[in-house]
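Worksheet: one structure, shown below.
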Amino acid sequence: MTRITLRPIASPMPLGFFTVAIASVMTACLQLGVFDEEARAAVALCVLPAFALQLLVSYLAFGARDVIAATLMAVFAGSWLPYALIMLTDAPDGLRVLGVFNLALLCFGALMTAVTRPKRALWCVLAVSLPRWAATGLAGLTGAEWLTRASGVLGLVVALVAMYAAFALMLEDMRSEEVLPIGRSGPAHAAMEGDLSVQLRNLERHAGVRRTL
């Protein structure tokens, strides 16, 4: 007889979204001129913990069998680390390198939007992140001040959307029902409203149970 044991965990997504919000506010304030250029290292130190926190969220999401959330949070984690290190070390031509890096994130995000729509909270955070990555990437390559400011404004929008998603998910978890609209549909809606048999369907074919990935 083979037994497959599932372990319930607390949802790590509120932590992930709150981390996105706080780090986005710090970087946006630097871009908008709220902080002087001399504060770049201090901002980098504030953003650096976001790497570890979102990596933790990704690890827990993989354990919860949510590959979309896990992948997105891991990439967000990977985006904070190079930003913090380049700002801390003042690496030569660092802004241009970050510009190309953000345009690569834009390509990744565009692909992810095609599969995250049923998970509306993730999709909304990703959708507002796309124009910010585009503005940040072009600002790094061209040095245009107005693009830097636009990226800062978009960063605040990302923070607001991520903060809402985190708060809505925390309320839902505390009250065991949707309090603020999140907009789940399809499999994401069935995961919350369907019975346990739906979640265990085809379990023998899931990664970690089958022999190969």
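The values are calculated or read from the model by the stated rules, or taken from the named source; none is laboratory data. Just so it is clear, the structure is predicted and the values come from calculations on it, not from any experiment. Ideal geometry is used to build each Cβ from the backbone, glycine not excepted, and the neighbour counts take in all protein chains shown. Heavy atoms of the whole protein, side chains included, go into the accessibility calculation; ligands, DNA and RNA do not. Shrake-Rupley method; radii C 1.70, N 1.55, O 1.52, S 1.80 Å.
Against the conditions (1) of a type in the set (Ser, Thr, Tyr); (2) open to solvent by 30 Å² or more (accessible area, probe 1.4 Å); (3) within 15 Å of Ala77 (Cβ to Cβ), Thr5 satisfies every one except (3). In the stretch 74-111, the qualifying residues are those that are of a type in the set (A, V, I, L, M, F, W, C) and farther than 17 Å from Arg132 by Cα, and the one that is least open to solvent (accessible area, probe 1.4 Å) is Ala84. The condition of being under 22 Å from Pro14 (Cα atoms) and touching a Cys at 6+ places or on another chain (Cβ under 9 Å) holds for only one of Leu156, Leu126, Leu130, that being Leu156. Pairing each residue of the stretch 61-78 that is more than 15 Å from Gly109 (Cβ to Cβ) with any residue that is open to solvent by 10 Å² or more (accessible area, probe 1.4 Å) and in a loop (DSSP other than H, G, I, E, B), provided the two are 6+ apart or on different chains, yields C-beta distances under 7 Å for Ala61/Pro12; Gly63/Ile9; Ala64/Ile9; Arg65/His206.
Residue-by-condition table, conditions (1) outside any helix (DSSP H, G or I); (2) under 15 Å from the mean Cα position of the chain (by Cα); (3) polar (S, T, N, Q); (4) under 17 Å from Phe76 (Cα atoms):
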residue: Arg117; (1), (2), (3), (4): yes, yes, no, no
residue: Leu130; (1), (2), (3), (4): no, yes, no, yes
residue: Ala134; (1), (2), (3), (4): no, no, no, yes
residue: Thr148; (1), (2), (3), (4): no, no, yes, no
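Here Gln31, Gln54 are screened, and the one residue that is crowded, with 21+ Cβ neighbours inside 10 Å and in contact with a Lys or Arg (Cβ under 8 Å, 6 or more places away or on another chain) is Gln31.
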